[in-house]
Amino acid sequence: MNAPTKAIATENDPRWRALLERDAQADGSFYYSVKTTGVYCRPSCAARTPRPENVCFYDSIEEAEQAGFRPCRRCRPDAPSLAARQAEKIAAACRLIADAEAIPSLDELAQSVGMSKFHFHRLFKQITGLTPRGYAAAQRQQRLNSALQNAETVTDAIYDAGYSSNGHFYGESDHFLGMTPSDYRRGGTNAEIRFAVGECGLGAILVAQSVRGVCAILLGDEPEALVHELQDRFPKAQLIGDDADFERLIAKVVGFVEAPQIGLDLPLDVRGTAFQQRVWRALQEIPSGATASYADIAQRIGSPKSVRAVAQACAANLLAVAIPCHRVVRSDGALSGYRWGVERKQALLEREAQE
């Protein structure tokens, strides 16, 4: 292949744009070599942009080295990338939070990974989608939910979850549980959950709201099955249906399902593990009309190896359309499983594509 033809082929390769933009998000997805220097680099390498006719792309380090190229001393493609090193430090901080009996201070967390507290706080939120305090609170909430189910008394559960005093816990319990811990322990006794069932272009739809916000948007074929699903979640809660005022809310949700371009701005009652909350926050950042793969989401939350766990978090989502798990597809663009049926997923994506 002569130089002009090689240059055209390189410039038409989508990886060339990532190279020109020094896109750090492309690091690890490919490598490129430069014939005139004899080295291979990451896409984000800060070296001078090579001439396109001198560039070859490789899927792995092994391919580049088998072709006779050595690693660039500037970007060190054979060593962990800066993003990977940062992600590992944040992962270490997350493990420290998860294992600690009391929530570590910001200073303690930053010192444990060798960063200033300001840089650590910014990086932690960038990678996890939560502040260190928010992540710690979600971890504590997860331990509390488990402890309330298994401990002999509420007091035992409070201390098992890492609270230093009853007073500290009760100051936060309503925010975490949406009800008193005793009521939560008894399956939602005395909790009020208003709900309504309607019809939309995707079949039956149920919208439920606790005192904190919308806690469920369920889709299905039979209205009765949706009500049973809500009852299973809080078997002893006081479910209040046929509320004329509340039916205005379901009309708003149905309107959004039928015409996604109108948007949906609702207070949400979102409860899940720290990991699930990170995934769900990332899903809400996918623009209407766009999609992302499970691997994309895993990368965005700083856990590139957690593709299967991302899929499980999508499946655990109870807030259809409000947390748009329908916008997540396989890496090849094909549709995969959806809690409420692949046909509904396809229909939602088609409606959003028409905006």
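Results for (1) aliphatic (A, V, I, L, M); (2) more than 36 Å from the chain's Cα centre (by Cα); (3) over 26 Å from Ala298 (Cβ atoms); (4) modelled with pLDDT of 95 or more, shown as yes or no for each residue.
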residue	(1), (2), (3), (4)
Phe57	no, no, no, yes
Ile61	yes, no, no, no
Arg73	no, no, yes, no
Asp78	no, no, no, no
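Of all residues in the stretch 209-227, those that are among the hydrophobic types (A, V, I, L, M, F, W, C) and in a helix (DSSP H, G or I) total 3. Given (1) surrounded by fewer than 21 Cβ atoms within 10 Å (Cβ to Cβ); (2) in contact (Cβ under 8 Å) with a residue 40 or more places away in the chain; (3) touching a strand residue (DSSP E or B) at 6+ places or on another chain (Cβ under 9 Å), identify the lone condition not met by Ile205. So the condition that Ile205 fails would be (1). Every test in (1) farther than 21 Å from Asp265 by Cβ; (2) surrounded by fewer than 19 Cβ atoms within 10 Å (Cβ to Cβ) is passed by Val211 save one, and that test is (1). In the stretch 246-355, counting only helices (runs of 4 or more DSSP H) that sit wholly within it, the ones holding 1 or more residues that are without any contact (Cβ under 8 Å) to a residue 60 or more places away in the chain and among the small types (Gly, Ala, Ser) span 294-300, 307-316. Can you work out which of the residues in the stretch 1-55 that are hydroxyl-bearing (Ser, Thr, Tyr) and closer than 24 Å to Ile301 by Cβ is modelled with the lowest pLDDT? The selected residue is Ser29.
Taken over the stretch 98-131, the criterion of being within 19 Å of the chain's Cα centre (by Cα) and more than 20 Å from Ile297 (Cα to Cα) is satisfied by Ala98, His121. Checking each residue in the stretch 113-129 for being surrounded by fewer than 15 Cβ atoms within 10 Å (Cβ to Cβ) and either in a helix (DSSP H, G or I) or touching a His at 6+ places or on another chain (Cβ under 9 Å) (or both) picks out Phe118, His119, Arg122, Gln126.
Counting the residues of the stretch 318-347 that are of a type in the set (A, V, I, L, M) and closer than 17 Å to Gln284 by Cβ gives 8.
Against the condition crowded, with 16+ Cβ neighbours inside 10 Å, within 22 Å of Thr131 (Cβ to Cβ) and either of a type in the set (Asp, Glu) or in contact with a Gly (Cβ under 6 Å, 6 or more places away or on another chain) (or both), how does Asp269 come out, does it pass? Yes.
The values are calculated or read from the model by the stated rules, or taken from the named source; none is laboratory data. Just so it is clear, the model here is predicted, and its values are computed rather than measured. Please note: Cβ atoms are built from the backbone with ideal geometry, for glycine as well, and neighbour counts cover all protein chains shown.
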